[in-house]
Amino acid sequence: MRVRKVFAVLGTLLALAASVPSGAGAAEDAGKSGAKKPTIVLVHGAFADASSWNGVVERLQRKGFPVVAVANPLRGLSYDANYLRKVLASIDGPIVLAGHSYGGMVQSQAALGNPNVKSLVYVAAFAPEKGESALELSNKFPGSTLGDTLQIIDLGDGTKDFAIQQDKYWQQFAADVSRWDATIAAATQRPVNDSALTEGAGEPAWHTVPSYFVVAGKDKNIPIVAQKWMAERAHARAVVEVGNASHSVAVSHPETVADLIVRAAR
């Protein structure tokens, strides 16, 4: 009698186990659910790397979005845009592009003609018209102090790389980020070739793709008046101003940036 009860209990437990999805099945279902969302592609700018998006990536992934933080080559606008174009071509389904700083130059050009790109998000970023360069746009309005902080690296081929002097990085680029984090970012920054900053842009995708802007109120690289002017010119769907933010607004205010990207993804 006791043996029959044991087998009856075991049978019940096995039936319950069969009715509960396995870990692999649950993960597969989550993957299918995530695949329905657009892929968020993040493009960093000069004097940074893909890790500058870490806080934004974490928040987007929590919301179920697949995310790709691209390693922007920073070798020249046409070169960088062509690289990003190939990355975008490798992604199935809808895409939301977000670019920081010079990354806005790159995404504007790379997204042109790609029907999968549904929105463009500019995060303290350049949104150029055809023929405009990053250098031209940064000097269009007063307020940028970047030039006085640069270290020049002569590459011996007629071009130069620019980096921000490490002892000036915190105040120039990331004044609202902790001193410790800014010191690490200064040491790991990726230099940009001068041709990337002086090359004129091609036809921009923002003429036909909806755009969204995060503008940084205390940006010392791209003056806020320039950021607002570009947003107005692009007929942005939304402009979010972070009044106390440095150029590193995606690092200091990742929640705000992620929220606007989610809005663009809808």
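Taking 0.36 nm per residue of separation and subtracting the Cα-Cα distance, what length does fully extending residue 225 through residue 140 add?
Values: separation 85, 0.36 × 85 = 30.60 nm, distance 0.95 nm.
Net length gain for the segment: 29.6 nm.
Please give the FRET efficiency for residue 148 paired with residue 179, using the beta carbon to beta carbon distance and R0 = 25 Å, rounded to the nearest 0.05.
Taking R0 as 25 Å, the efficiency between residue 148 and residue 179 is 0.75.
Amide H to amide H, which residues 5 or more places from residue 238 or on other chains are under 5 Å from it, using H placed in the peptide plane?
HN-HN under 5 Å from residue 238: 213.
Got the relative contact order for the chain handy, in percent, Cα pairs under 8 Å and 6 or more residues apart?
It comes to 22 percent, rounded to a whole number.
Straight-line reach only, C-alpha to C-alpha below 13 angstrom: list the aspartates and glutamates that residue 37 could link to, leaving out same-chain residues fewer than 8 apart.
Once the sequence-local aspartates and glutamates are set aside, what remains near residue 37 is 92.
Using θ = phi - 60° and the Karplus relation 6.51 cos²θ - 1.76 cosθ + 1.60, list the HN-Hα couplings for the range 239-253 in order, rounded to whole Hz, with x at every Gly or Pro.
Result, rounded to whole Hz: 10, 10, 9, 10, x, 9, 8, 7, 4, 8, 4, 5, 7, 7, 9.
At 0.36 nm per residue, and after removing the present C-alpha to C-alpha distance, how many nm does the segment from residue 203 to residue 58 gain when stretched out fully? Don't skip to the answer; put the middle values down first.
Numbers: separation 145, 0.36 × 145 = 52.20 nm, distance 3.25 nm.
In short, 49.0 nm is gained.
Calculate for the chain the 222 nm mean residue ellipticity that helices alone would give, adding -39,500 (n - 2.57) per DSSP H run of length 4 or more and normalising by residue count, nearest 500 deg cm²/dmol.
Helix-only estimate at 222 nm: -12500 deg cm²/dmol.
Report the number of Lys pairs in the range 39-265 whose alpha-carbons are under 25 Å apart, with separation of 8 or more residues or on distinct chains.
Taking the range 39-265 as the scope, the lysine pair count is 20.
Once you charge only the Cβ atoms, +1 for Lys and Arg and -1 for Asp and Glu, what is the size of the charge dipole of the chain about its Cα centre, to the nearest 20 debye?
1540 debye
What fraction of the DSSP beta bridges in the chain is antiparallel, stated in percent and rounded to the nearest 5?
If I count the DSSP bridges inside the chain, around 25 percent turn out antiparallel.
Karplus couplings for the range 111-125 from phi (6.51 cos²θ - 1.76 cosθ + 1.60, θ = phi - 60°), rounded to Hz, Gly and Pro as x?
Along the range 111-125, the couplings run 7, 4, x, 9, x, 6, 7, 9, 8, 10, 10, 9, 10, 6, 10 Hz.
Here, each number is a calculation from the coordinates, and none is a lab measurement. Keep in mind that this is a model prediction, so the values were computed, not measured. Backbone-built Cβ (ideal geometry, glycine too); neighbour counts: all protein chains shown.
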